[in-house]
């Protein structure tokens with residue numbers, strides 16, 4: 001059976017694991033990445049639907065404050081381009097009928113002003129949450145004992161404003177707000193800065209910028225730097241560990257030995273590995289309580305972005321159809337029009353289990369209502385489900401329910417002997433985003449490098 | 001490497017797996033149980049603290065409506081005896097100070113009457129929940145979209161009544177009510193009959209009867225019937241399956257082949273096994289959302305049950321100390337006095353992580369307040385934590401948070417090809433109890449036997 005040796009064994013070849021490997025390499029140590037899937041990239045998946053025409057079934061955008069990702073793209077020679085944001089969004093909320101953005105804002109001005117005040121209040125409260133230790137927030141116990149949904153319900157918002165707030169939030173969390181602790185919501189806001197960064201109805205915030213050639217260029221070029229120290233199709237089953245060594249056993253008999261291991265997969269998947277000696281109860285019960293969310297993306301590809309000529313930006317926000325939101329995701333230098341429909345939370349669960357034709361038909365009906373009959377005649381359709389993917393099991397990330405942060409939070413990223421934890425779910429800045437994956441991978445690798453090098457040189 | 005063959009491979013030697021094996025045997029087929037732990041019994045653990053003096057660190061009682069368990073005990077020749085229930089309970093709630101039961105009931109008569117009305121309302125609503133399919137309840141969507149805690153908060157109860165309701169419920173669920181869907185609470189009530197069965201403040205309901213010689217007599221005698229078809233210390237890592245065969249791979253290289261597999265462990269642990277082909281997303285995301293609860297038991301053993309002479313029954317109900325409830329758990333034919341303190345939910349999490357001396361000291365202080373100074377002088381102290389146990393990872397069972405039943409419930413016990421599911425968490429009658437474990441084991445085995453025998457004889 002193949003045996004490997006490395007200073008640092010890394011579980012998972014998503015961005016977090018790849019960044020960890022690069023950081024380990026830069027420190028003069030040897031990494032080895034074990035990836036369960038037949039591909040690298042984790043929750044990044046660029047799929048070519050026609051020559052030169054690709055869609056992002058996974059991570060797609062970065063935002064202006066994603067400093068690590070901008071630096072990484074520049075370093076790797078991956079060019080960026082701005083998200084298209086000209087024109088109006090199309091709304092249909094709580095029986096309003098289809099309304100263009102200006103009309104919607106005029107008709108519901110007071111309600112939207114009230115919603116704006118709720119966002120400001122969320123910003124104030126989130127500012128009290130230390131992102132590296134949310135359980136230490138002054139009101140952590142109180143905020144962790146209610147759901148985000150219950151807090152929203154208590155704000156006295158009108159149905160339209162409350163519905164819009166739910167859609168914006170589910171667009172981030174990919175689960176209904178009743179499944180999430182209010183403290184977790186505040187943590188999420190705080191790791192991203194302010195609500196205007198996170199919940200941008202119009203473009204901006206987390207979705208300003210895309211990568212030329214596809215998001216997969218980032219992991220692909222990172223992997224090229226790491227070379228043959230990545231082993232695919234090698235699911236980790238058991239990590240034996242001492243204070244200063246690890247032996248990682250994989251399906252099929254592959255064994256990798258190292259001095260440290262960085263587990264760079266989502267917490268729920270990390271919890272499925274056997275550890276010997278077993279991990280403490282607090283860590284195990286935490287990973288039982290970090291379910292991955294439910295999101296899928298569906299793409300309609302047309303001969304041209306016909307909605308632009310109508311003064312529309314390709315976005316819809318609606319509580320009618322299976323998708324609550326859409327985006328214009330055309331590619332630069334390509335004439336096709338590409339619309340992305342998001343199915344998140346209950347919509348992903350319900351429609352994700354239907355036959356693709358039924359799902360497509362329901363999505364098409366909603367598109368036609370907002371963008372007209374041409375929306376019914378795409379050249380291509382493709383969608384991507386993540387819960388069915390064995391080595392991902394849900395997107396975008398893990399959300400914590402009531403009382404999880406305060407009871408179990410300290411176990412999220414604290415190393416256990418030779419075992420360190422990465423993945424964007426452990427990040428303190430843009431957790432759940434690619435930006436957070438980079439932070440977490442760097443942080444875990446620095447911890448390991450500091451432990452392994454007596455006089456570690458400063459890392460890049 | 002050892003290779004095994006059997007008609008039905010069973011994962012887990014708790015009551016559910018043992019009952020499944022017995023049912024398979026009775027049908028003339030061959031079972032093989034693979035148990036990860038070095039012992040059988042699962043969440044049953046009878047520990048001898050002195051010659052002839054044992055305590056139950058796990059399951060302890062059965063109730064009058066646990067018909068399968070009474071029949072099983074009789075069949076196995078295990079005698080039962082009644083729980084001691086003479087005398088008054090001792091209360092201390094919301095600053096009331098220590099009050100004996102009669103005084104407590106007199107002082108808070110109106111508040112307790114209001115609580116009684118809430119129990120009646122719960123009974124009415126629970127009666128609408130089909131235990132085999134809670135998601136089909138007429139108001140399932142509404143009830144699954146709120147937490148049990150939120151529903152409780154809306155009942156207008158006084159602080160004393162609300163606190164008592166929380167303590168009674170946490171005594172069943174072992175997690176705070178804000179972590180649990182209201183639909184799940186109603187399901188739990190319905191599988192047990194009515195609230196008076198489940199939430200019995202005084203003895204009765206689920207805790208009327210114990211087993212002579214210890215609860216472990218049940219799994220031990222079942223295992224004796226099954227003989228050498230139980231393999232210990234063999235954690236299952238991978239189940240390869242076709243429509244009509246399974247190959248089960250275990251740590252250490254043990255391989256077992258069979259025609260069906262029954263996975264008789266809690267859903268969160270079942271979700272840690274690799275399956276090839278992988279299971280559908282709905283099943284995987286369900287097991288991500290069924291965390292085991294947090295409970296531990298602590299026993300104080302005295303030279304005699306001194307509280308009985310004071311007219312006390314050994315029970316306390318309090319929101320002061322680390323234990324919210326206690327019980328007299330003396331053994332028949334033994335002079336010792338044994339008090340059991342329950343740490344459940346947040347108390348188990350907080351105090352379970354303290355050094356044992358600190359935990360014992362905090363529990364002792366609470367006992368002394370209710371039962372006097374003699375409570376500070378036990379002959380023995382022992383407690384048992386379940387989250388740290390690698391092959392259990394929490395007690396008593398799994399609770400479902402908001403929207404899990406309605407989105408994922410159908411995947412809980414539905415077979416997937418040759419894979420069938422047992423464990424008390426899949427039961428429809430006294431789910432989470434030993435009674436449910438028997439039902440689930442029998443049900444899964446009957447499904448398998450029916451599939452494997454063309455003209456199956458009626459089973460016992």
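None of the figures in this text is laboratory data; all of them are computed from the coordinates on show. The shown structure was predicted, so the numbers you read here are calculated from the model rather than taken from an experiment. Using ideal geometry, Cβ is built from the backbone for each residue, glycine included, and neighbour counts are taken over all protein chains shown.
Observations on the structure shown:
A quick yes/no check of all residues on (1) within 30 Å of residue A:333 (Cα to Cα); (2) within 19 Å of the chain's Cα centre (by Cα):
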residue	(1), (2)
A:161	no, no
A:164	no, no
A:179	no, yes
A:186	no, yes
A:189	no, yes
A:198	yes, yes
A:211	yes, yes
A:218	yes, yes
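- Pick from region A:33-52, criterion closer than 21 Å to residue A:342 by Cα and surrounded by 17 or more Cβ atoms within 10 Å (Cβ to Cβ), ranking: nearest to the chain's Cα centre (by Cα): A:43
- In the set (1) part of a helix (DSSP H, G or I); (2) under 30 Å from residue B:151 (Cβ atoms), the condition left unmet by residue B:374 is number (2).
- Among the residues making up region B:382-439, those that are assigned to a helix (DSSP H, G or I) and within 14 Å of chain A (Cβ to nearest Cβ) are B:404, B:405, B:406, B:407, B:408, B:409, B:410, B:411, B:425.
- Qualifying residue in region B:223-234 (condition: within 14 Å of chain A (Cβ to nearest Cβ), over 17 Å from the mean Cα position of the chain (by Cα) and within 24 Å of residue B:22 (Cα to Cα)): yes
- Selected residue (criterion: nearest to residue B:439 (Cα to Cα)) from residues of region B:372-406 that are touching a helix residue (DSSP H, G or I) at 6+ places or on another chain (Cβ under 7 Å) and without any contact (Cβ under 8 Å) to a residue 60 or more places away in the chain: B:388
- Only one of A:363, A:331, A:367, A:339 that is out of contact with any helix residue (DSSP H, G or I) (no Cβ under 9 Å at 6 or more places or on another chain) and under 22 Å from residue A:50 (Cβ atoms): A:331
- Here the helices (runs of 4 or more DSSP H) wholly within region B:151-198 that include at least 1 residues being in contact (Cβ under 8 Å) with a residue 60 or more places away in the chain and surrounded by fewer than 22 Cβ atoms within 10 Å (Cβ to Cβ) are B:159-173, B:195-198.
- Residue match in region A:413-423 (condition: surrounded by fewer than 23 Cβ atoms within 10 Å (Cβ to Cβ) and closer than 28 Å to residue B:147 by Cβ): yes
- The lone exception for residue A:137 - which of (1) more than 14 Å from every other protein chain (Cβ to nearest Cβ); (2) in contact with a helix residue (DSSP H, G or I) (Cβ under 6 Å, 6 or more places away or on another chain); (3) under 22 Å from residue A:430 (Cα atoms); (4) crowded, with 19+ Cβ neighbours inside 10 Å it fails: (2)
- Residue, surrounded by the most Cβ atoms within 10 Å (Cβ to Cβ), within region B:247-266, restricted to residues that are more than 14 Å from residue B:33 (Cβ to Cβ) and more than 9 Å from every other protein chain (Cβ to nearest Cβ): B:266
- Among the residues of region B:267-291, those that are free of Cβ contacts under 8 Å to residues at least 60 places away in the same chain, over 17 Å from residue A:295 (Cβ atoms) and facing chain A (nearest Cβ under 8 Å) comprise B:271, B:272, B:274, B:278.
- Residue match in region B:300-313 (condition: within 19 Å of the chain's Cα centre (by Cα) and either within 14 Å of another protein chain (Cβ to nearest Cβ) or at negative phi (or both)): no
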